[in-house]
Amino acid sequence: MNSSKKYTLFLISPRQRFINYPAHSELARMFGKRRLMIPLALPTVAALTPDHYEIHIYDEEVEDLPRNIKPDIVGITTLAATSVRASELGDRFRSLGSKVVFGGPYASYNTAEMLKHGDSVVVGEAEGKWEECLRNFESGAMRQIYDAPGFTDYKVQKAPRWDLVNMKRIFQVAIQVSRGCPFNCDFCLVSKIFGRKMRYREISNVVEEIKAAPSRYFFFVDDNLTINKRYAKELMKAIIPLKISWGCMCSLDVATDEELLRLMAEAGCFNILIGFESLNPDSLDHAQKHHNKGGTIYAEAIRKIHAAGIHINASFVVGFDNDTLEEFDRIFAFTLEHHLPNVNLHLLNAPPGTVLFERYQKEGRIPDCDTELGVGHFPTLHYMNMSQIGIFDKYMETVTRLYSYPVIRDKGTALLGNGAFIREGGTIPAITKMRLSWITVKEYVFTRDRDRRLLFWFILKLIRQKKVAIDKGLGFLLSMLGYHRHIRKNWKNMDFYRKMILQQDQGPWKVNI
Ligand code: B12
Ligand code: SF4
């Protein structure tokens with residue numbers, strides 16, 4: 001231990017048993033990395049920690065925890081998806097004599113449960129509360145709960161401590177420029193954790209952070225990067241000279257402003273995650289997601305985003321009370337019609353703390369199941385018109401269809417064939433390029449799968465015709481392969497998953513009332 005430091009602190013993101021986002025595992029592996037990015041909470045909380053702490057950041061998805069160091073204090077970030085492992089780690093470190101503090105979305109709304117495995121919970125934002133917790137730790141007077149009304153000012157943020165993260169093992173860094181969400185969708189925690197009033201960082205503060213970051217690849221974790229279009233345009237203008245590549249999340253109305261879209265593309269945006277959530281208007285009403293309507297508006301908006309050379313990660317949720325299994329087919333057809341190859345399909349779940357959780361709990365519709373199943377591809381509720389096994393089987397059938405090579409080929413050639421994706425993305429090191437080219441050839445040429453080979457030749461033809469940039473063509477093939485591999489892995493575990501689900505299945509909820 002560095003002798004000028006008085007205390008050792010571990011900041012940990014626990015291992016996730018059930019992986020959903022394939023891009024975070026399979027795609028990272030293709031890049032020779034362990035994970036695309038690590039949770040921003042870890043370097044952010046590290047930046048709030050005083051200098052006399054020797055800080056070690058561990059994301060268990062990236063590396064194992066060392067067995068030979070006993071930290072003085074441990075901070076663990078939690079999601080529903082990591083809650084069981086977080087408790088295990090809490091018990092383990094407490095048995096070693098370390099103090100254990102939990103934070104993050106799961107612990108914030110399950111304080112009593114997490115306090116069985118730790119000494120303290122920091123509720124909601126860390127800023128201010130974490131520093132107080134550490135002062136109390138040093139004086140031997142830690143409280144169990146650190147909570148305070150209101151939110152941090154957030155105009156200027158200390159740069160996250162990326163210097164403590166082994167960047168060789170991750171691909172991109174997360175960055176956040178705003179906090180809050182004016183909406184209040186009932187399955188979401190964001191407006192509870194960060195409030196309904198939007199807060200924005202000064203753009204100069206964001207630019208400094210980007211310049212100092214150890215990667216040129218970023219993901220803006222803001223829930224809606226473009227909700228304030230004036231701020232978004234200023235931000236884009238400021239980051240254009242920085243020559244970075246990035247993805248983000250925003251709502252579809254970004255497409256109503258073509259100047260903004262153009263600026264985003266110029267500033268390096270290659271991918272937007274859009275929460276369509278549902279194509280069933282009754283379900284959107286049901287979820288309080290009133291701001292997300294409109295079939296024809298969807299079509300036009302998608303066309304404009306694609307025309308700007310930006311990919312869409314289309315996110316959908318099935319399982320609202322008005323949904324039936326037909327919803328899956330509707331989503332499948334929609335993504336085919338609008339050339340959306342990257343689809344994140346989720347089953348509705350209700351993390352503790354959400355309005356939905358309270359309601360479903362009152363109605364007795366939350367089975368006593370493992371909280372870590374709440375990653376979006378397992379049933380964790382009793383659904384109104386669908387049995388748990390019914391919705392799960394249909395989910396698996398739909399993702400398998402969505403990522404079958406003939407379907408990917410139809411979508412991919414329509415999407416990439418119009419010439420909008422001709423601009424090169426960020427610079428990739430030569431060694432990575434070689435690695436990716438080799439994986440592409442190995443997987444797409446030396447394969448018995450005719451559909452896969454055909455897809456490769458289609459994309460190659462588009463590259464030769466100068467309709468798509470090489471890196472974008474390769475990127476497309478590899479991300480599709482990532483999804484495909486992930487789904488194949490899930491099929492291998494199907495017997496286990498189905499057995500687990502059948503144990504808690506009570507059939508469609510309406511037959512029980
Ligand atoms: C980026 C993101 C993702 C990325 C993950 C990327 C990554 N590896 O980081 C992707 C797109 C893959 C993703 C996926 C999903 N996500 Co997500 N995601 C987010 C999002 C938008 C930003 C997270 C972030 O970086 N925030 C910025 C950091 C700084 O905030 P923070 O983590 O909350 O940390 C602050 C405090 O909580 C606290 N804190 C956190 N940890 C700790 C630890 C200590 C010791 C202390 C003191 C304090 C502290 O201090 C920090 C600074 O103030 C959040 C919403 C949000 N606005 O936060 C949802 C969110 C985390 N996701 C959520 C969910 C549910 C999902 C999904 C299941 C999708 C779905 N069906 O809704 C999937 C699958 C998740 C999985 N793990 O498998 C929920 C989590 C709910 C829960 N209880 O688990 C959130 C809160 C959104 C929501 N719907 O309510 N997600
Ligand atoms: S789902 Fe999106 S729009 Fe709805 S409350 Fe959450 S962050 Fe806001």
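The table that follows gives values for the structure above.
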{"item": "Per-residue SASA entry for LEU373, accessible area with 1.4 Å probe, Å² rounded to 10", "result": "10"}
{"item": "Solvent-accessible heavy-atom area per residue, rounded to whole Å², over the chain at 1.4 Å", "result": "43"}
{"item": "Of all accessible heavy-atom area on the stretch 223-352, the percent that carbon and sulfur account for (1.4 Å)", "result": "51"}
{"item": "Calculated on alpha-carbon atoms, Rg and Dmax of the chain in Å", "result": "22.9, 69"}
{"item": "Gyration tensor (alpha-carbon) shape descriptor, the stretch 162-355, a/c threshold 1.5", "result": "prolate"}
{"item": "Computed over the stretch 7-146, Cα set: Rg, Dmax in Å", "result": "14.6, 47"}
{"item": "Check: the stretch 23-124 dipole with +1 on Lys, Arg Cβ and -1 on Asp, Glu Cβ, in debye", "result": "140"}
{"item": "Where HIS377, HIS311 fall by accessible area, highest first, once all protein chains stay in place (1.4 Å)", "result": "HIS311, HIS377"}
{"item": "Rounded, prolate or oblate (a/c below 1.5 giving rounded, otherwise prolate when a/b exceeds b/c) for the stretch 199-290 by Cα gyration tensor", "result": "prolate"}
{"item": "Accessible surface of the stretch 1-133, 1.4 Å probe, proportion on carbon and sulfur as whole %", "result": "50"}
{"item": "Where LYS211, LYS229, LYS192 fall by accessible area, highest first, once all protein chains stay in place (1.4 Å)", "result": "LYS211, LYS192, LYS229"}
{"item": "LYS489 versus ALA430: modelled label distance in nm, points set 7 Å from Cα along the beta carbon direction", "result": "3.2"}
{"item": "Equivalent ellipsoid semi-axes - Cα gyration tensor, the stretch 38-84, angstrom", "result": "18, 15, 10"}
{"item": "Surface accessible to a 1.4 Å probe, TYR7 within the full protein complex, Å²", "result": "50"}
{"item": "Protein-only accessible surface order, largest first, of TRP491, TRP246 at 1.4 Å", "result": "TRP491, TRP246"}
{"item": "Charge-dipole axis of the chain as Lys and Arg at +1 and Asp and Glu at -1 on Cβ define it, positive-most pick from ILE428, PRO352, LEU502", "result": "ILE428"}
{"item": "Solvent-accessible area of VAL441 with every protein chain in place, 1.4 Å probe, in Å² to the nearest 10", "result": "50"}
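The values are calculated or read from the model by the stated rules, or taken from the named source; none is laboratory data. Note that the structure is a prediction, hence the values are computed from the model and not measured. Because the Cβ atoms are built from the backbone with ideal geometry, glycine has one as well, and the counts that use them run over all protein chains shown. We work out accessible area using only protein heavy atoms, side chains counted, and drop any ligands, DNA or RNA first. Shrake-Rupley method; radii C 1.70, N 1.55, O 1.52, S 1.80 Å.
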